[in-house]
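Q: Quick one: the structure is below, questions incoming.
The values are calculated or read from the model by the stated rules, or taken from the named source; none is laboratory data. Here the structure is a predicted model, which is why all the values come from computation and not from measurement. Reconstructed Cβ throughout: ideal geometry from the backbone, glycine too, with neighbour counts over all protein chains shown.
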Amino acid sequence: MNIKPGSAVLLVCHDAGGAEILSAYVKKNKDHYVFSCFVSGPAVNIFQKKGLNYLCLPTETSLEACFSDSKLTYDMVLTGTSWTTDLERRAIIMARNKGIRTASYLDHWVNYKERFGYPALEWKTRMPDEIWVGDKYAYAQAKKDNFPLLRLVPNQYFEEMREEIKRYRLNMRAEHGPGNRRQTILFISEPVSLGAERMFGDPGHWGYTESDVFDILCRAVSASIPKRERRIVVRLHPADNPESYHSLISLWKPSFSIEYSDEPNIVAEVLCSDIIVGMESMALVVAVLADKPVLSCVPSAKKSCSLPFEEIIHVSNENALRLALDTPGF
């Protein structure tokens with residue numbers, strides 16, 4: 001699908017992952033196409049922080065109005081693929097009914113068919129005309145899933161992150177010398193249980209939840225032999241329940257320092273941390289781009305980490321995580 005310069009594009013997204021990539025695409029191409037952005041949920045703040053709110057439709061505008069108002073006409077609809085809402089899928093169906101071409105940009109490397117409603121029998125009716133992917137790994141996965149009309153559109157979010165990492169590093173000041181401060185372990189949360197419940201009706205479908213992984217991390221830190229004092233900083237996902245870790249933090253806080261992150265910028269947080277631990281979040285990729293030690297803990301016999309970066313160390317249990325944390329260089 002070729003987009004002619006000057007084409008009117010309606011962009012629809014909700015979840016953070018898709019919003020980061022799509023906002024980067026809009027920022028890169030705003031002088032080439034006429035964008036109207038229908039954003040909701042976490043996407044609102046992401047577009048605002050990038051200075052793109054002037055391209056966003058008024059909050060009182062409904063999705064239905066985008067396709068029924070004669071003053072709003074589009075040559076193409078470009079969407080994200082959210083887990084927490086059917087907003088994008090509804091936009092695809094509405095656009096199809098109006099004869100408008102559609103494309104969806106996949107923002108990760110896993111669960112591609114599920115983003116369109118699989119295993120429901122009618123999931124293929126929710127597919128766009130074209131699927132966009134940001135790198136060769138995503139392209140290979142989408143091809144394996146037999147998606148038609150694939151298009152490789154370079155992921156501009158990665159470029160944004162590289163530039164931001166350079167900028168922050170230039171401006172950062174070394175607050176402490178090596179060995180004179182606590183080692184900070186940044187735990188990147190993600191709502192695994194929410195996704196499993198939406199897909200399979202069971203939050204524990206994969207054999208673990210985000211709370212299980214956090215508990216494994218706390219046990220590993222408690223049993224490890226630190227060269228210096230350690231602390232854990234918990235960075236919540238926008239879809240997380242803020243209280244999801246309260247009980248575990250209360251349990252482990254007497255043993256070592258644990259606190260919630262209040263840093264709005266992921267790059268700043270990653271650069272100020274020594275080790276990054278998570279599951280399959282895109283934030284782990286940001287940490288890879290920043291040359292930080294990264295551990296992915298997926299304690300499941302049903303799946304493994306989908307992030308296709310060889311720099312990421314994969315562990316599946318407390319002992320393996322403890323050994324990794326005690327490895328020189330960590």
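Q: Among the residues of region 11-55, write down those that are among the hydroxyl-bearing types (S, T, Y) and assigned to a helix (DSSP H, G or I).
A: Taking region 11-55 as the starting set, the residues that turn out to be among the hydroxyl-bearing types (S, T, Y) are 23, 25, 33, 36, 40, 54.
Matches in region 11-55: S23, Y25, Y54.
Q: Can you confirm whether region 212-227 contains a residue that is within 24 Å of A19 (Cα to Cα) and either among the β-branched types (V, I, T) or outside the structural domain of N319 (by TED's automatic domain parsing) (or both)? Before the answer, list the steps.
A: First pass over region 212-227, keeping only residues within 24 Å of A19 (Cα to Cα): none.
So far as region 212-227 goes, no, none of its residues is within 24 Å of A19 (Cα to Cα) and either among the β-branched types (V, I, T) or outside the structural domain of N319 (by TED's automatic domain parsing) (or both).
Q: Let me ask something else about it. Give me the pairs, please: first residue somewhere in region 159-173 and not assigned by TED's automatic domain parsing to the domain that holds K292, second residue anywhere and in a helix (DSSP H, G or I) and β-branched (V, I, T), beta-carbon distance under 6 Å, and either six or more positions apart or on two chains.
A: Close Cβ pairs satisfying both conditions: M161/V286; E164/V267; I165/V267; Y168/V267.
Q: I've got another one for you. Name the residue, out of A301, A290, that is of a type in the set (A, V, I, L, M), crowded, with 18+ Cβ neighbours inside 10 Å and in the same structural domain as L217 (by TED's automatic domain parsing). Break it down into steps so the answer makes sense when it comes.
A: Working: A301 fails: crowded, with 18+ Cβ neighbours inside 10 Å.
Result: A290 is the single residue among A301, A290 that is of a type in the set (A, V, I, L, M), crowded, with 18+ Cβ neighbours inside 10 Å and in the same structural domain as L217 (by TED's automatic domain parsing).
Q: A further question follows. When the residues of region 136-157 are filtered to those that are without any contact (Cβ under 8 Å) to a residue 24 or more places away in the chain and under 22 Å from V286 (Cα atoms), which remaining residue is surrounded by the most Cβ atoms within 10 Å (Cβ to Cβ)? Show your work before the answer.
A: Our first condition is that a residue be without any contact (Cβ under 8 Å) to a residue 24 or more places away in the chain; within region 136-157, this holds for 136, 139-140, 143-144, 146, 148, 150, 152, 154.
Applying the additional criterion that residues be under 22 Å from V286 (Cα atoms) yields 136, 139-140, 152, 154.
Values: K136: 10, Y139: 18, A140: 14, L152: 13, P154: 12.
Checked region 136-157; the qualifying residue surrounded by the most Cβ atoms within 10 Å (Cβ to Cβ) is Y139.
Q: Ok, one more. Under 6 Å between Cβ atoms, which residue pairs at least 6 apart in sequence (or on different chains) link something in region 207-228 that is within 19 Å of K303 (Cβ to Cβ) with a partner that is in a helix (DSSP H, G or I) and at pLDDT below 95?
A: Close Cβ pairs satisfying both conditions: T209/V192; T209/S193; E210/V192.
Q: On to the next question. Scan region 70-113 residue by residue and report those that are in contact (Cβ under 8 Å) with a residue 24 or more places away in the chain, over 27 Å from the mean Cα position of the chain (by Cα) and in a loop (DSSP other than H, G, I, E, B).
A: L72, T73, Y74, D75, K98, I100 - these are the residues of region 70-113 that are in contact (Cβ under 8 Å) with a residue 24 or more places away in the chain, over 27 Å from the mean Cα position of the chain (by Cα) and in a loop (DSSP other than H, G, I, E, B).
Q: May I pose another question? Within region 187-202, does at least one residue satisfy the condition of being in a strand (DSSP E or B) and at pLDDT 90 or above? So that I can check it myself, show each step before the final result.
A: Initially, region 187-202 is screened for residues in a strand (DSSP E or B), giving 187-188.
Still in the list and also at pLDDT 90 or above: 187-188.
For region 187-202, residues in a strand (DSSP E or B) and at pLDDT 90 or above: present.
Q: Same structure again: Scanning for something assigned to a strand (DSSP E or B), assigned by TED's automatic domain parsing to the domain that holds E130 and under 29 Å from E163 (Cβ atoms), does region 56-67 turn up at least one residue?
A: The initial filter retains those residues of region 56-67 that are assigned to a strand (DSSP E or B), namely 56.
Subsequent filtering for residues that are assigned by TED's automatic domain parsing to the domain that holds E130 retains 56.
Narrowing further to those that are under 29 Å from E163 (Cβ atoms): 56.
The answer is yes, given that some residue of region 56-67 is assigned to a strand (DSSP E or B), assigned by TED's automatic domain parsing to the domain that holds E130 and under 29 Å from E163 (Cβ atoms).
Q: Going by the structure shown, is F67 under 21 Å from the mean Cα position of the chain (by Cα) and of a type outside the set (A, V, I, L, M)? Even if it seems obvious, please write down each step before you answer.
A: Values: under 21 Å from the mean Cα position of the chain (by Cα): no; of a type outside the set (A, V, I, L, M): yes.
So F67 fails the test.
Q: Would you mind telling me which numbered condition in (1) in contact with a strand residue (DSSP E or B) (Cβ under 6 Å, 6 or more places away or on another chain); (2) surrounded by 18 or more Cβ atoms within 10 Å (Cβ to Cβ); (3) over 17 Å from L284 (Cα atoms) A196 fails?
A: Condition (1) is where A196 drops out.
Q: Being hydroxyl-bearing (S, T, Y) and closer than 22 Å to L152 by Cβ narrows it down to one of S23, S36, so name that one. Give the steps one after another, and end with the answer.
A: Numbers: S36 fails: closer than 22 Å to L152 by Cβ.
One residue alone meets the criteria, S23.
Q: Tell me the residue from E263, E259 that is touching a Lys or Arg at 6+ places or on another chain (Cβ under 9 Å), without any contact (Cβ under 8 Å) to a residue 60 or more places away in the chain and exposed (fewer than 13 other Cβ atoms within 10 Å of the Cβ), please.
A: Numbers: E263 fails: exposed (fewer than 13 other Cβ atoms within 10 Å of the Cβ).
When all the criteria are applied, what remains is E259.
Q: Can you run down the residue pairs with Cβ atoms below 7 Å, 6 or more apart or on separate chains, where the first is in region 306-330 and in contact (Cβ under 8 Å) with a residue 40 or more places away in the chain and the partner is aromatic (F, W, Y)?
A: Qualifying pairs under 7 Å: S306/W109; L307/W109; P308/W109; P308/Y137.
Q: Restricting region 98-107 to residues that are surrounded by 22 or more Cβ atoms within 10 Å (Cβ to Cβ) and of a type outside the set (D, E, K, R), which is farthest from M199 (Cα to Cα)?
A: Filtering region 98-107 for residues surrounded by 22 or more Cβ atoms within 10 Å (Cβ to Cβ) gives 102, 104-107.
Checking the rest, the ones that are also of a type outside the set (D, E, K, R) come to 102, 104-106.
Details: T102: 24, S104: 19, Y105: 20, L106: 17 Å.
Checked region 98-107; the qualifying residue farthest from M199 (Cα to Cα) is T102.
Q: Confirm whether K136 is touching a strand residue (DSSP E or B) at 6+ places or on another chain (Cβ under 9 Å) and in the same structural domain as G80 (by TED's automatic domain parsing).
A: Values: touching a strand residue (DSSP E or B) at 6+ places or on another chain (Cβ under 9 Å): yes; in the same structural domain as G80 (by TED's automatic domain parsing): yes.
For K136, the condition - touching a strand residue (DSSP E or B) at 6+ places or on another chain (Cβ under 9 Å) and in the same structural domain as G80 (by TED's automatic domain parsing) - is met.
Q: Please state which of the following conditions A239 fails to meet, knowing it meets all the rest: (1) surrounded by fewer than 21 Cβ atoms within 10 Å (Cβ to Cβ); (2) at pLDDT 95 or above; (3) outside any helix (DSSP H, G or I); (4) within 16 Å of the chain's Cα centre (by Cα).
A: A239 satisfies every listed condition except (2).
Q: Also, I was wondering about something else. With of a type in the set (A, V, I, L, M, F, W, C), within 16 Å of A19 (Cβ to Cβ) and touching a strand residue (DSSP E or B) at 6+ places or on another chain (Cβ under 6 Å) as the only criterion, which of L55, L87 stands out?
A: Values: L87 fails: touching a strand residue (DSSP E or B) at 6+ places or on another chain (Cβ under 6 Å).
That would be L55, the only listed residue that is of a type in the set (A, V, I, L, M, F, W, C), within 16 Å of A19 (Cβ to Cβ) and touching a strand residue (DSSP E or B) at 6+ places or on another chain (Cβ under 6 Å).
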